[in-house]
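A.B. asks: Handing you this structure, nothing more for now.
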Amino acid sequence: MPSTFRIPKAPVTGLYGKFLTAYARRTYGEVPDGVHVYFHHKPVLKAVLGFEGKVAKWRELDPSLKSYAQLASASVIGCSWCMDFGYFLAHNDGLDEAKVREVPRWRESGVFTPLEREVLAYAEAMSTTPMTVTDEMTASLLAQLGTRAVVELTQIVAVENMRSRFNSAAGLQSQGYSDVCELPLAVPSGAVRDAPRDPSGHA
């Protein structure tokens, strides 16, 4: 369903708007709905784009783990736009699409490794209110990934919380990005919010 734009959709105009539109269409095929929201406040837009540009350069965490963590966070928060766009990026990055599409129902899926399940559980635990991260979760990830990767994992989930909560509050819905990779938007399992969690991610 199309975005409802709780914050009115702003026209993307002017020289800066033309640059953004050209870049977005060249890179993503169309202008992301969020640009129309942020364009009301260009200093905020430029700050977010600048920050996201730096986030894209982080390299300590395996790209697949990073993608799974972001999609799991978006799924828990309920941001269909973020899931849609996340699938699109995973496709473009050449990640395992069979796994990507299973992220929202990872607890019932058998495609993920034990480490991937721990990362998914950690991302979910960070994205609930209140958070349910435990010492055991963090200790296990530190032992397997190292401190720098866990710092990056924790921050990327926090960043996805920012994105998903902004987009959901603004009324943004899936925009059809995942259509290019033939990945249907997966439906989160009913266990995601309610099941007790342990470090291995098993209910």
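A.B. asks: I need the GluC sites (Glu not before Pro) found in the stretch 93-141, filtered to DSSP loop residues with at most 14 other beta carbons within 10 Å of theirs. Kindly include the intermediate steps, with their values, before the conclusion.
C.D. replies: Values: sites: GLU97, GLU102, GLU108, GLU116, GLU118, GLU124, GLU136; in loops: GLU102, GLU108.
Taking the stretch 93-141 and a limit of 14 other Cβ atoms within 10 Å, the loop GluC sites (Glu not before Pro) found are GLU108.
A.B. asks: For the chain, find the longest principal axis of its Cα atoms and tell me its angle to the long axis of helix 14-28, 0 to 90°, nearest 10.
C.D. replies: 40 degrees
A.B. asks: What is the extension gain from THR27 to ALA47, computed as 0.36 nm multiplied by their sequence separation minus the C-alpha to C-alpha distance, in nm to one decimal? If you can, show how the numbers build up before the last one.
C.D. replies: Working: separation 20, 0.36 × 20 = 7.20 nm, distance 1.96 nm.
Extra length available between THR27 and ALA47 comes to 5.2 nm.
A.B. asks: Next question. List the trypsin sites (Lys or Arg not before Pro) in the stretch 16-81 that DSSP assigns to loop (not H, G, I, E or B) and whose Cβ has at most 13 other Cβ atoms within 10 Å. Which are they?
C.D. replies: Working: sites: LYS18, ARG25, ARG26, LYS46, LYS54, LYS57, ARG59, LYS66; in loops: LYS57, ARG59.
Within the stretch 16-81, the qualifying trypsin sites (Lys or Arg not before Pro) (loop, at most 13 other Cβ atoms within 10 Å) are LYS57, ARG59.
A.B. asks: Let me ask something else about it. List the residues, sorted by chain then number, that are 5 or more residues from SER3 or on another chain and whose placed amide H is less than 5 Å from its amide H.
C.D. replies: Under 5 Å from the amide H of SER3: GLN173.
A.B. asks: Give, rounded to the nearest 20 debye, the magnitude of the charge dipole that the chain has about its Cα centre when Lys and Arg contribute +1 at Cβ and Asp and Glu contribute -1 at Cβ.
C.D. replies: Working: 21 positive and 22 negative charges, 195 e Å.
Dipole magnitude for the chain comes out near 940 debye.
A.B. asks: Going by alpha carbons, how many degrees (0 to 90, nearest 10) lie between the helix axis of 42-55 and the longest principal axis of the chain?
C.D. replies: 40 degrees
A.B. asks: Can I ask one more? Quick one: helix 114-127 against the long Cα principal axis of the chain, what's the angle to the nearest 10°, folded into 0 to 90?
C.D. replies: For 114-127 against the chain, the angle is about 60 degrees.
A.B. asks: Moving on. Under 21 Å Cα to Cα from LYS18, which lysines show up? Leave out anything in the same chain fewer than 8 places away.
C.D. replies: LYS9, LYS42, LYS46
A.B. asks: Could you work out the relative contact order of the chain, using alpha carbon pairs under 8 angstrom and six or more residues apart, expressed as a whole percent? All intermediate terms of the calculation are to be shown ahead of the outcome.
C.D. replies: Details: 261 pairs, mean separation 68.9, N = 203.
Taking the mean separation of contacting Cα pairs over the length of the chain, I get 34 percent.
A.B. asks: Highest GNM mean-square fluctuation, the chain, Cα pairs closer than 10 Å: which of VAL159, VAL119, VAL55?
C.D. replies: Top of the fluctuation ranking is VAL55.
A.B. asks: While we're on this one: Please pull out the direction-averaged projected area of the chain, using the convex hull of its alpha-carbon atoms, in nm² to one decimal place.
C.D. replies: Working: hull surface 44.5 nm².
Average projection, Cα convex hull of the chain: 11.1 nm².
A.B. asks: Along the stretch 87-98, what does the Karplus equation 6.51 cos²θ - 1.76 cosθ + 1.60 (θ = phi - 60°) give for ³J(HN,Hα), rounded to whole Hz, x for Gly and Pro?
C.D. replies: Per residue, the Karplus-derived 3J(HN,Hα) values read 4, 4, 5, 4, 4, 5, 7, x, 7, 6, 5, 4 Hz.
A.B. asks: In addition: Is the C-alpha gyration tensor of the stretch 1-56 telling us rounded, prolate or oblate? Criteria: a/c under 1.5 is rounded; beyond that, a/b larger than b/c is prolate, otherwise oblate.
C.D. replies: On the way: a/c = 1.32, a/b = 1.22, b/c = 1.08.
The shape class here is rounded.
A.B. asks: Accessible area per residue, 1.4 Å probe, Å², for the stretch 54-123: what's the number? Walk me through the intermediate numbers first.
C.D. replies: Values: 2700 Å² over 70 residues.
Value for the stretch 54-123: 39 Å² per residue.
The values are calculated or read from the model by the stated rules, or taken from the named source; none is laboratory data. Fair warning: this is a prediction, and the values are worked out from it, not measured in the lab. Quick reminder, even Gly has a Cβ in these numbers, built from the backbone with ideal geometry, and neighbours come from all protein chains shown. The protein model used for the area step is the full one, side chains on, heavy atoms only, and it has no ligands, DNA or RNA in it. Shrake-Rupley method; radii C 1.70, N 1.55, O 1.52, S 1.80 Å.
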